[in-house]
Amino acid sequence: MRRTKHSDGRAGGRLRRLVPPMLALVPVLALLLGAGPATAEQATAGTGFSATRDGERLLFSFSDSRIDESSGLAVSPTHDDIVYTHNDSGDSARFFAVGTDGRTRATFRLAGVTARDWEAMAASVDPATGKGVLWFADIGDNLDGAWPDVSVYKVAEPETMRSATLQATRYRFRYEGGARNAEGLMVHPKTGRLYIVSKEFSGSVYAAPKSLRTDRVNLLRRVGPAPIMATDAAYAPDGSSFVIRTYFSASLYRAPGDLIAHLTMPPLRQAESITYTRDGKALLTGSEGAGSPVYLVPLPAGVTSASASASPTPAEAADAPAGTARPADTGSTAASGGRESGGIPLSMVALWLGTAVGAIGIITVIAYRTAR
């Protein structure tokens, strides 16, 4: 039956109400449509990628079925051959201690904590005691403003690998300039200062105050840019550099805005985590999914020496004023494949944007049909 002009107008109004929230899914759809092979192992077939190329190798795969959305990763600063991880949203406030054979050694829960959307973790050492400290970031906000503030939990690293419930200290944060979605957390090993990296098409690095308060919300201030859609970040053990992971590659920095190099990464289903080995000579990177792999990626010698020789002092790295950015060292780029934008090859950016445009068309048609 032909619709009247009035019904067309009403349908159009419904369409306008439906499209905006659906457009928020475009980055997710673009990732799903353009992310590539289903697993890292499948991705190696026919691509020329070798598990031992440039020293890259599969370190282990998680064997615990409870670890089905590994979102954060950190190497224990005090226990040999122990890696910590936690799941993405939907799990309880718990984390896992995993050996380098992929087997879970212990499971730890945080007392009185609700896991809203845990997206990252970090490990540091208390300079006063020499004991390990673990940090868990409940900073996911897929609606970019659904939460008035986000939280980071500080936990004393367990001294024994025996499952237990641990006490945690909660720090609440808000961003200057409004709420952000974020998946990257890093802690400077010398100053103990905390940084959060937002996950956006125009991302940023935010610094927490020098001293964190538990009795009020702490303000996060922007100190530099971040690559497109950053999924994790980590400081080197000596504080000379930090790395930011995206779905497709990684970028190494001396300080916020001061790029050392872009780094190629093993192909993963959904790259979600990155951390340094304890000696700072390599990176570990992981993915979501049941039985997901963790890869060891050695850093090129030239990259590590460049970061050490020209690194700022801890005070300079921690106290960089908002918006400060030193020029990028494009001469030491480790990735191949031409120019890059925010750690992602421009060809990939073009593919991603093209996919997003196509997704917008599909969403519009679906929304229009739904509104009829």
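The number of residues in region 231-251 that are part of a strand (DSSP E or B) and in contact (Cβ under 8 Å) with a residue 60 or more places away in the chain comes to 10.
Can you find a residue that is buried (at least 24 other Cβ atoms within 10 Å of the Cβ) and within 13 Å of the chain's Cα centre (by Cα) anywhere in region 258-268? There is no residue in region 258-268 that is buried (at least 24 other Cβ atoms within 10 Å of the Cβ) and within 13 Å of the chain's Cα centre (by Cα). Restricted to region 119-154, and to residues that are under 13 Å from THR78 (Cβ atoms) and crowded, with 22+ Cβ neighbours inside 10 Å, which residue is nearest to the chain's Cα centre (by Cα)? Only one residue fits best here, namely ALA123. Selection of region 66-90 for residues being closer than 16 Å to VAL294 by Cβ and among the polar types (S, T, N, Q) yields SER70, SER71, SER76, THR85, ASN87. Scanning region 294-302 turns up no residue that is under 20 Å from PHE136 (Cα atoms), in contact (Cβ under 8 Å) with a residue 40 or more places away in the chain and surrounded by fewer than 24 Cβ atoms within 10 Å (Cβ to Cβ).
Residues of region 186-207 that are in contact with a Ser or Thr (Cβ under 6 Å, 6 or more places away or on another chain) and closer than 12 Å to TYR175 by Cβ: SER198, SER204.
Taking region 113-226 and the strands (runs of 3 or more DSSP E) fully enclosed by it, the elements with 3 or more residues that are aliphatic (A, V, I, L, M) and out of contact with any His (no Cβ under 7 Å at 6 or more places or on another chain) are at 120-125, 132-138, 150-156, 182-187, 194-198, 218-226.
Read-outs throughout are calculated quantities, based only on the coordinates presented, and are distinct from any laboratory measurement. Since the structure is predicted, the reported quantities are computational estimates derived from the model, not experimental observations. Cβ: placed from backbone, ideal geometry, glycine included. Neighbour counts: every protein chain shown.
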